[in-house]
4 protein chains.
Amino acid sequence: MEAQKIVEAMMAKDEFSKWLGIEVLSVKSGYAKIQMTVRNEMCNGFGIAHGGISFSLADSAFAFASNSRGRHAVSTEVSISHLAAINTGDILIAESKEINVGNRIAVYSITITNQKDELVAHFKGNVFRKSQEWE
Amino acid sequence: MEAQKIVEAMMAKDEFSKWLGIEVLSVKSGYAKIQMTVRNEMCNGFGIAHGGISFSLADSAFAFASNSRGRHAVSTEVSISHLAAINTGDILIAESKEINVGNRIAVYSITITNQKDELVAHFKGNVFRKSQEWE
Amino acid sequence: MEAQKIVEAMMAKDEFSKWLGIEVLSVKSGYAKIQMTVRNEMCNGFGIAHGGISFSLADSAFAFASNSRGRHAVSTEVSISHLAAINTGDILIAESKEINVGNRIAVYSITITNQKDELVAHFKGNVFRKSQEWE
Amino acid sequence: MEAQKIVEAMMAKDEFSKWLGIEVLSVKSGYAKIQMTVRNEMCNGFGIAHGGISFSLADSAFAFASNSRGRHAVSTEVSISHLAAINTGDILIAESKEINVGNRIAVYSITITNQKDELVAHFKGNVFRKSQEWE
């Protein structure tokens, strides 16, 4: 299955990405760019976006990019650097690129920027690539 | 302010933790144990919990534990190991403990177990400890 | 091959662990405890142990513990938290324990303590477990 | 003190970077590029470079880049992805770039490539920036 179709199939059943309001902007093999807008119900006790929100956005971009290669890819170990506060109304764009793709393990770098083009988070993720293909 | 009161104040305004259905089970200075149940709207295109869900639960436990020491604590760098799939209906418990507390940086280890007491995720987080106190 | 024998075979050819002066204190399947003493030639421009020294000690403990299970294990993604300065003459002990062992991926937690039993570093590592066995 | 002078001062006292055979290729504020050649005594029981070697090289590049900004910078939390095996005789180049520089925390991305320009490791590091300046 081609990259675009795989991500459409994933997104169609991805209830949490829908709740986040994620829109897919661009996909190609090993790459994804997606967007969402932060709502009040995504904030924490400090009145800023909960750390899980930027993580979840990056994680969706990561899943789309790594699966778009054609084989099922499962996240194993991931890290995120929180670089700036994110507020209600902010428009976030996550862009996922490949650092390296091996036979079994692949590593991705995901940046999150806001509507002012400021880098607000940086995410690095490892997937285990199964033999099973998207079909 | 004492640990219990700080977490109550945080939770009262934490809209995303409420959406997740988080219940605070136990809090003391530098420690938090919380629980939630996975709902269908938290799942991804594979029909299992989105990686952002276990992360968010752990991140709330981490925030509660690190702030309960009395000073405002802000997450900087965090990693998570996904160890087993999480399904709709699973009851997850996150327990956050201190690895080390320095003057400016503190490090926490958070485990997530399910209703069968299986370890499903392991989270490690760094906070920057501000001078500002909870009051 | 049994755990003890695997680590002996690894250590016999591990020139860098020898340079570090590593002594193996205890090994069992999935576990290793090793020790070294910090020398002046291991220090950096601040006059304290280079970050690579505590990392390398933990990495050896991690390799011994993960390979001692019987299958070849290769490090993929690792993180380290530096918690306290390490000085010339310090005696460091690294203890590696399993967080989780899956069929292909396993995760280990390694602590480093000094001669005062202070925690000076915390390391978390992922290995990919090959099919190939130690023999 | 300017970037070049700071790194010269650090390198002059950095006994472990000398043992590694590190040469500084290029430095500017927030940036460092350094090189080393892998020797047999840097290898592990698999006959390839010990994981601590690529880590140590990246860690030196990270220290040089983060301190070259003028304030003392101390590594706190770091991760490394091992992407390809490194052999005796390989010439490794580590290049450290800024992801983000805040007042107290800064984050760097370090790539390690070999003489064939293959990416063999990727390192991400956080420093705590002290008030103390290099002088």
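The values are calculated or read from the model by the stated rules, or taken from the named source; none is laboratory data. Worth saying up front: this structure is predicted, and the values here are computed from it rather than measured. All Cβ positions, glycine included, derive from the backbone under ideal geometry; neighbour counts span all protein chains shown.
Quick notes on this structure:
- Among the residues of this structure, A:ALA58 counts as one that is in a helix (DSSP H, G or I) and closer than 25 Å to A:ALA85 by Cα.
- All positions within segment A:1-27 that are aliphatic (A, V, I, L, M) and free of Cβ contacts under 8 Å to residues at least 12 places away in the same chain: A:ALA12
- Residue selected from segment D:73-93 under the condition in a loop (DSSP other than H, G, I, E, B), facing another protein chain (nearest Cβ under 10 Å) and not small (Gly, Ala, Ser), by the criterion surrounded by the most Cβ atoms within 10 Å (Cβ to Cβ): D:LEU83
- The condition (being over 27 Å from D:SER29 (Cα atoms) and among the polar types (S, T, N, Q)) is satisfied by just one residue among D:ASN67, D:ASN44: D:ASN44.
- So B:MET10, is it in contact with a His (Cβ under 7 Å, 6 or more places away or on another chain), within 8 Å of chain A (Cβ to nearest Cβ) and aliphatic (A, V, I, L, M): no
- Against the criterion of being under 17 Å from B:ALA61 (Cα atoms) and in contact (Cβ under 8 Å) with a residue 24 or more places away in the chain, A:GLY30 does not qualify.
- Filtered residues of segment A:94-108 (kept if surrounded by fewer than 19 Cβ atoms within 10 Å (Cβ to Cβ) and within 19 Å of B:GLU77 (Cβ to Cβ)): A:ILE99
- Qualifying residue in segment C:117-131 (condition: in a loop (DSSP other than H, G, I, E, B) and either within 12 Å of another protein chain (Cβ to nearest Cβ) or surrounded by fewer than 19 Cβ atoms within 10 Å (Cβ to Cβ) (or both)): yes
- Filter pass, A:ALA65 being within 10 Å of the chain's Cα centre (by Cα), buried (at least 22 other Cβ atoms within 10 Å of the Cβ) and either more than 8 Å from chain B (Cβ to nearest Cβ) or within 24 Å of C:GLU77 (Cβ to Cβ) (or both): yes
- Scan of segment C:10-53 for residues that are crowded, with 22+ Cβ neighbours inside 10 Å, of a type outside the set (A, V, I, L, M, F, W, C) and in contact with a strand residue (DSSP E or B) (Cβ under 7 Å, 6 or more places away or on another chain), ordered by number: C:HIS50, C:GLY51
- Among the residues here, B:PHE64 does not qualify as touching a helix residue (DSSP H, G or I) at 6+ places or on another chain (Cβ under 9 Å) and either outside any helix (DSSP H, G or I) or closer than 14 Å to B:VAL120 by Cβ (or both).
- Residues that are of a type outside the set (D, E, K, R) and at pLDDT below 95 are absent from segment A:104-115.
- None of B:SER96, B:SER56 is more than 9 Å from every other protein chain (Cβ to nearest Cβ), among the polar types (S, T, N, Q), touching a residue at least 24 places away in the same chain (Cβ under 8 Å) and closer than 19 Å to B:PHE16 by Cα except B:SER96.
- Filtering segment C:13-47 to residues that are outside any loop (DSSP other than H, G, I, E, B), within 17 Å of D:GLY51 (Cα to Cα) and within 10 Å of chain D (Cβ to nearest Cβ) leaves C:LYS13, C:GLU15, C:PHE16, C:SER17, C:LYS18, C:TRP19, C:LEU20, C:MET42.
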